[in-house]
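The values are calculated or read from the model by the stated rules, or taken from the named source; none is laboratory data. Everything numeric here is computed off the predicted structure, so don't read it as measured data. All Cβ positions, even for glycine, are placed from backbone atoms using ideal geometry, and neighbour counts span all protein chains on display.
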Amino acid sequence: MTPVDRDDDRRPKNGFRIALCSEVDRDGWRAHARRLLQGRVAPDQVTWTVAGRRDSDQLDLSAQTVSLPAAASHSPRPIRISRHLLALINGGLLHRNADRFDLAYRLLYRAQSVPRLHENPADADMMKLNRYAKAIRRDIHKMHAFVRFRKIGEREGREQFVAWFEPDHHITATVAPFFRKRFTGMDWLILTPQASIAWDGDRLSIGSGGSKHDLPQQDLVEAEWRTYYANIFNPARVKIAAMKSEMTLKYWKNLPEAELIPSLLERAAGRVDAMVAHGRQDAFRPADHAPLSTAEPPASLDQLYEILEQASDAPRESFSDRLVRGSGPVDARIMVIGEQPGDQEDRQGRPFVGPAGQLLDRALAEAGLDRQRLFLTNAVKRFKYRQSGKRRIHETPNAGEINYYRWWIEQEIRLVDPRLVIVLGATAARCLTGKVMKISRHRGTILPLATNRSLLITVHPSYLLRIPDAQGRQVEYAKFLRDLELAAAGVKTDGPKGGDLS
Ligand code: URA
């Protein structure tokens, strides 16, 4: 752990000193915060600490532990807090910085008189809490991805594994259910400096932390793991700089496969050529694997979106928290896939409601396609943006972010089961096909996508909006319309689904 921010120890002499049971005592924090709020105790009257914390002795202990005013002495006020703020606080309370309890209480207190506080991106407390919550999501993602178990033996027919991991924040107990679900058939222990979690097939337990040297060093499966890694290693995807930024050296040193990377890279060039040659015949590769966040294909669109909303491995940096779901009849014959929600879509929670959506509506109507009968969605399901003053400026998702959503878009297509998929623009084309597709080369032709399903690639309406001269815009709009007319001619949007385009 790196040193903590300490901006919390200038407290008045007469205040309330709350000692929580542990660094992860969120229930304790909630119970105390509720009472403090009922007693109308201002945040600057409260000093939060954790029993047994090394630095707790150094706090200004002249702050008194005073009985809180009984909640009943005031008529209890309902505590007001938006779900969004509550979720952020829940995450932020796991941050390593000692000021997190104070920050959370201050926001809770302020939210009673400023109900929309969480919507103010410039508020200093909110900015800090957002930063904390984001750091927690990232830490959880890293722990899901980089824990490596070492086999230490067997007991009563069950294999036993241990792993060492160093999270940055107090997340160990929070990730326990993820590992139980993933590795339910084996016994395991994950040790971190602050806490340990263990599963014996029956019970999940949480214990104290330790040192790497507390673990047995023997490893029966590391060799097998390396062989597996060498076989799945995909040289075309290796970007050392990106890997290092995602997986800092701290994690590398605990990964058995990391040692293999230099020698695999030496042999990589030839393999990339072979893969490219092979890729030419292999038009639309399915996503390589399901993301970490789900073990099984979802059974319904609602389930798909719910899992994706919770997915801790989804890209979050620079993205809005809101996931914009697809919209339209679940049995639509035509599915339209855009790039990602824009500012308006993010605010309203529906795809294609902003300026690009209005242009799309107009073109669909002119081409004879009824929007109400189409299923509209986006490849990337959250709005990626950069803040510029009050404005949120669209940012194009990068290859890794697009790739993350491949599996999800495939599932969405499987569940809607359209006859034709219309892809708008390069991001959606890449997400669906796994390749960089030149729109001008592929537009205007119906391509096979799968048995009984076709693909039409065309430009994104926002491309039309960006064309500066009116004449150029008109020409491009006419071409866009022709593409959509092709779709309308190929697929009836009502009646039972048949093989229209096949
Ligand atoms: N652009 C898109 O790609 N999707 C939307 O939902 C809106 C704009």
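Scanning region 358-416 for residues that are more than 13 Å from the ligand (Cβ to nearest atom), more than 18 Å from residue 426 (Cα to Cα), of a type in the set (S, T, N, Q) and not in a strand (DSSP E or B) returns 372, 411.
Quickly run through region 297-348 and pick out the residues that are in a helix (DSSP H, G or I) and either within 12 Å of the ligand (Cβ to nearest atom) or buried (at least 16 other Cβ atoms within 10 Å of the Cβ) (or both). Once the filter is applied, which keeps residues that are in a helix (DSSP H, G or I) and either within 12 Å of the ligand (Cβ to nearest atom) or buried (at least 16 other Cβ atoms within 10 Å of the Cβ) (or both), region 297-348 yields 301, 304, 305, 307, 308, 343, 344, 345, 346, 347, 348. Tallying residues that are of a type in the set (Val, Ile, Thr) and free of Cβ contacts under 8 Å to residues at least 12 places away in the same chain within region 298-348 yields 0. Entry remark, region 426-442: residues being surrounded by fewer than 19 Cβ atoms within 10 Å (Cβ to Cβ) and either over 30 Å from the mean Cα position of the chain (by Cα) or among the hydroxyl-bearing types (Ser, Thr, Tyr) (or both) number 3 in total. Restricting attention to region 429-464, and to residues there that are out of contact with any helix residue (DSSP H, G or I) (no Cβ under 8 Å at 6 or more places or on another chain) and assigned to a helix (DSSP H, G or I), which single residue is nearest to residue 375 (Cα to Cα)? Top of the filtered list is 433.
What residue, among those in region 465-494 that are in a loop (DSSP other than H, G, I, E, B) and among the acidic types (Asp, Glu), is modelled with the highest pLDDT?
Out of the qualifying residues, it is 469.
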